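Let me begin by presenting the structure, written as structure tokens, before commenting on it.
No value in this document is a laboratory result; all are computed from the given coordinates. As the structure is a computational prediction, the values presented were derived from the model and not from experiment. Ideal geometry is used to build each Cβ from the backbone, glycine not excepted, and the neighbour counts take in all protein chains shown.
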């Protein structure tokens, strides 16, 4: 005993000794009322100072794991002994206890079932921002600024609706984008996904059907299925969703919600034209279908005129906007927001409070300070310049090396390629993986099982040389497969 103690360099030694002894006690290596080695003996056995053991024993006594008999030493407390011999334990078959919600979540979990990258591979699967561009120095300044002002408040419980300075900032920012803020309010969420999940959870299933673009954001598809909605996907074309097919779908069935990504749509990268935006809002109003607008990558415009979000184009109170800085700023902060009619936000706040109490006030406050100090605008200019350069390089390489049928992507952090019908991008992936390159086959983005001839290429985190090399490898494999 006491021969398996190993010191770590980055943790106080007394705490390591305490944790080691605690583990021996709780695992049954030391029994109730058993006398422990003296402080001198244990310091020699563990090769630490005697004062370190004194501190560790003091902490163990404070936690009720040991007791002291004056003049006799330290002993394991009666209640601290192991319960390993408490009798036969029955084993739960948790797989059989899982409901449909859990099964669907597991089946749709791309982190478990998606494409795995290994060291040395060129991966075009990610559309996360490049951490090498993160503005760490100014983020640190924003953190210190906010903590110096109200650190004690930020580390306590916050409000379900969100951190008011951040809400006020976002309200003003959305107003600058042309949104009429009268009668609207904001709820801060743990990223886009929580906002979507909460909204879906409060909707009455009058028809049980949701309308969306096809292909669309896989996370959205997953959440629609988790909430028991059937999904009708409307084909994409140049300039956005097919208005003809949208009108046909609306004429045939009723829908509880339409989910749309009008700017730099995931996965196609298409920006919906102003004409189509007006037509979509008019169609949804006529058929009385509320819109959930995903403000995905709205800031990553590399050319052309600014296009206002749908929520700035009218529609009364029927448009709900979900935003996030995840794809352009710091995904690790997990701060998103829902902008909607005040009455809806009031209900969403109650659901948020019941589920997670509130989004991290510390995260919200540091993000607010970063935005307030003007750091985001400076960072965005630098990031857009770098992503635009990579975007143009990736487009150039695809045009030179890959014999695709269609290539789309008006901005953002990815491109979407389609080949002739019958081409199999999953088979292509298998070939490319053997050659050290991976990408995302398009099938996961389709609502109807289609897209077998499509693929998404995320370039944001790929080095220039690897963009050139990787796309070259993909192009060669495509030619061999044709």
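Taking the Cβ-Cβ separation of residue 286 and residue 79 as r and a Förster radius of 56 Å, what is the calculated FRET efficiency to the nearest 0.05? After rounding to 0.05, the efficiency reads 0.20. Taking the DSSP beta bridges with both ends in the chain, the antiparallel portion is around 60 percent. Which part of region 231-250 falls in the paramagnetic zone of residue 421, meaning amide N under 17 Å from the point 7 Å along Cα-to-beta-carbon? Under cut-off, by backbone N: 235-237. Averaged over residues, the count of other Cβ atoms within 10 Å places the peptides 331-337, 180-186, 426-432 in the sequence 331-337, 426-432, 180-186, highest first. With the convex hull drawn around the C-alpha atoms of region 232-293, the volume per residue stands at 76 Å³.
Given a Förster distance of 45 angstrom, what is the FRET efficiency for residue 317 paired with residue 107, based on the Cβ-Cβ distance and rounded to 0.05?
Details: r = 36 Å, r/R0 = 0.79.
With a Förster radius of 45 Å, E is 0.80.
Peptides 55-64, 289-298, 147-156 ordered by packing proxy, namely the average of other Cβ atoms within 10 Å per residue, highest first: 289-298, 55-64, 147-156. Binning all Cα-Cα separations of region 13-80 at 5 Å, short to long from zero, yields these whole-percent fractions: 4, 20, 32, 29, 14, 2.
Multiplying the residue separation of residue 386 and residue 164 by 0.36 nm and subtracting their alpha-carbon distance yields 76.6 nm.
Label separation (residue 4 vs residue 465): 4.5 nm, computed from points 7 Å beyond Cα along the C-beta direction. Relative contact order, whole percent, for the chain stands at 18, derived from Cα pairs under 8 Å and 6 or more residues apart. The Kirkwood radius of region 123-230, taken over pairs of alpha-carbon atoms, gives through the Stokes-Einstein law at 4 °C and 1.567 mPa s a diffusion coefficient of 73 µm² s⁻¹.
Rounded to the nearest 5, what % of the DSSP beta bridges within region 134-376 are antiparallel ones? Write out the running numbers ahead of the final one.
Values: 12 of 28 bridges.
Given both bridge residues lie in region 134-376, the antiparallel proportion sits at roughly 45 percent.
Measuring how big region 55-195 is from its alpha-carbon positions, Rg and Dmax come out at 26.5, 78 Å. Each of the peptides 166-173, 391-398 was scored by the mean count of other Cβ atoms within 10 Å over its residues; in descending order, highest first, they stand as 391-398, 166-173. Multiplying the residue separation of residue 207 and residue 35 by 0.36 nm and subtracting their alpha-carbon distance yields 55.0 nm. Once the convex hull of all Cα atoms in region 134-376 is built, its volume per residue stands at 120 Å³.
Using only alpha carbons, the chain has a radius of gyration to Kirkwood radius ratio (Rg to Rh) of 1.07.
Fully extending the segment from residue 131 to residue 63 would add 20.3 nm, taking 0.36 nm per residue of separation and subtracting the current Cα-Cα distance. Computed over every Cα-Cα pair of region 303-369 and binned at 10 Å starting from 0, the pair-distance distribution P(r) comes out as 16, 39, 35, 9, 1 percent.
Residue 431 label point, 7 Å along Cα→Cβ, cut-off 18 Å on backbone N: hits in region 403-418? 403-406, 417-418, by backbone N distance to the label point. For region 170-252, the Kirkwood estimate of hydrodynamic radius, built from reciprocal distances between every pair of different alpha carbons, is 15.1 Å.
Calculated FRET efficiency, residue 93 and residue 405, Cβ-Cβ r, R0 60 Å, to nearest 0.05?
Working: r = 49 Å, r/R0 = 0.81.
After rounding, the FRET efficiency stands at 0.80.
Just so you know, the Cα atoms of region 173-317 work out to an Rg and Dmax of 14.6, 41 Å.
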